Amino acid sequence: MAPARWSPTAFLAVLLLLPPFAPSPARAATPGKSLSSASTAVFQLQGAVYPIGHYYVTMNIGDPAKPYFLDVDTGSDLTWLQCDAPCQSCNKVPHPWYKPTKNKIVPCAASLCTSLTPNKKCAVPQQCDYQIKYTDKASSLGVLIADNFTLSLRNSSTVRANLTFGCGYDQQVGKNGAVQAATDGLLGLGKGAVSLLSQLKQQGVTKNVLGHCFSTNGGGFLFFGDDIVPTSRVTWVPMARTTSGNYYSPGSGTLYFDRRSLGMKPMEVVFDSGSTYAYFAAEPYQATVSALKAGLSKSLKEVSDVSLPLCWKGQKVFKSVSEVKNDFKSLFLSFGKNSVMEIPPENYLIVTKYGNVCLGILDGTTAKLKFNIIGDITMQDQMIIYDNEKGQLGWIRGSCSRSSKSLMSSFP
């Protein structure tokens, strides 16, 4: 649902379907060698909820492989890089813009092009044009290309997979070149055919299973494949279809505050790593704010802070959420019997550079959202698992600041 998150807000990807086409076989994949479908690729993450606003991964793309920082987004399908094709409107990014070559351009009739922009005619048959718009009015315009992604697997081997992604030469995001962006583009990990995860499954590189773990201390890890998914203590729920798109959803959950029902009908929920914060619809948002305020210590005073809409100051300047979390209570989302996600204060609060504590749950009606989003802040220090093989979502609480080599000791 987000492009590389140039500002901490939620984005819902809506593909603007460009030129029309006819279906054809997918581009051939070129894995480095035949792999077991149980192979898993693990990546270290960088970033944080505040003040960075997103978590990102280094992907090695091209031949020879060059590093690019990509914002991890489970809410949209298409991976894209800012691309010198030439670049009409691009941000300053950490690495030189990706330079495509003509032989890497995906033709309009390719199956991944037709899956991305169905029922349209080809304006230029030799290339697949795309345009994506997001709810914050950001957009990416470009062409699809295919190039090698070099992935390191847990068994110490390396595979090169030829994957299709967007070469974005006209980006309308953030302040468009006025400031340095933290990432080079976006890593689309949704359920669509053009998602990197779907392509890796199609090529037999990894199973269609994704997991991420965002650390409250910054960083964390990301994995593709299923052989490090914990075998016990994971809360699993079936993936549900959403009324607003093909998003990862555990269905409708009942909201509780301090284990007491807030008296509302179940709310449709989406898991979206492309959103920095959580977004609730008007009714659950107002109920949450009212419940929080009713239980607050008189030592906390509401204060204006540019970081977020609702903030409080204390009798002293706060340096971390741990100093103030005892003044707040946990929220809970119940998705049925024994399927509960606890949202403790550290999963909905931040402390700003001004020393105030702010609510990281926002009113989704201002972003014109039709459902409720669980974003990065609520996912911190939980392994979140998107198992497309079994059609289920899972979560298990644990430290996300460990290295990928000690995963199994963190999550038995």
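The values are calculated or read from the model by the stated rules, or taken from the named source; none is laboratory data. Given the structure is predicted, the values throughout are model-derived calculations rather than measurements. Glycine also receives a Cβ, built like all others from the backbone with ideal geometry; neighbour counts cover every protein chain displayed.
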Whether any residue in region 87-101 is of a type in the set (Ser, Thr, Tyr) and over 14 Å from Gly185 (Cα atoms) is what I want to check. yes
When you check Lys133 against the structure, is it more than 23 Å from Leu222 (Cβ to Cβ), free of Cβ contacts under 8 Å to residues at least 40 places away in the same chain and under 22 Å from the mean Cα position of the chain (by Cα), yes or no? no
All positions within region 190-219 that are on the phi > 0 side of the Ramachandran plot and out of contact with any Pro (no Cβ under 9 Å at 6 or more places or on another chain): Gly218, Gly219
Checking Asp147 against (1) outside any strand (DSSP E or B); (2) among the charged types (D, E, K, R); (3) in contact (Cβ under 8 Å) with a residue 60 or more places away in the chain: exactly one of these is not met. Which one? (1)
Near pairs, Cβ below 9 angstrom, 6+ apart or cross-chain, from region 284-313 (outside the structural domain of Leu359 (by TED's automatic domain parsing)) to any residue that is of a type in the set (A, V, I, L, M): none
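Table: residues versus (1) buried (at least 20 other Cβ atoms within 10 Å of the Cβ); (2) outside the structural domain of Cys90 (by TED's automatic domain parsing); (3) not hydroxyl-bearing (Ser, Thr, Tyr).
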{"residue": "Ala193", "(1), (2), (3)": "no, no, yes"}
{"residue": "Asn208", "(1), (2), (3)": "yes, no, yes"}
{"residue": "Cys213", "(1), (2), (3)": "yes, no, yes"}
{"residue": "Gly219", "(1), (2), (3)": "no, no, yes"}
{"residue": "Ala240", "(1), (2), (3)": "no, yes, yes"}
{"residue": "Thr254", "(1), (2), (3)": "no, yes, no"}
Mind checking which residues of region 138-171 are more than 16 Å from Cys113 (Cβ to Cβ), in contact with a strand residue (DSSP E or B) (Cβ under 7 Å, 6 or more places away or on another chain) and not hydrophobic (A, V, I, L, M, F, W, C)? Ser139, Asn148, Thr150, Ser152, Arg154, Thr158, Arg160, Tyr169, Asp170, Gln171
In the list Asn103, Asn148, which residue meets the criterion of being of a type in the set (S, T, N, Q), surrounded by fewer than 23 Cβ atoms within 10 Å (Cβ to Cβ) and in contact with an Asp or Glu (Cβ under 9 Å, 6 or more places away or on another chain)? Asn148
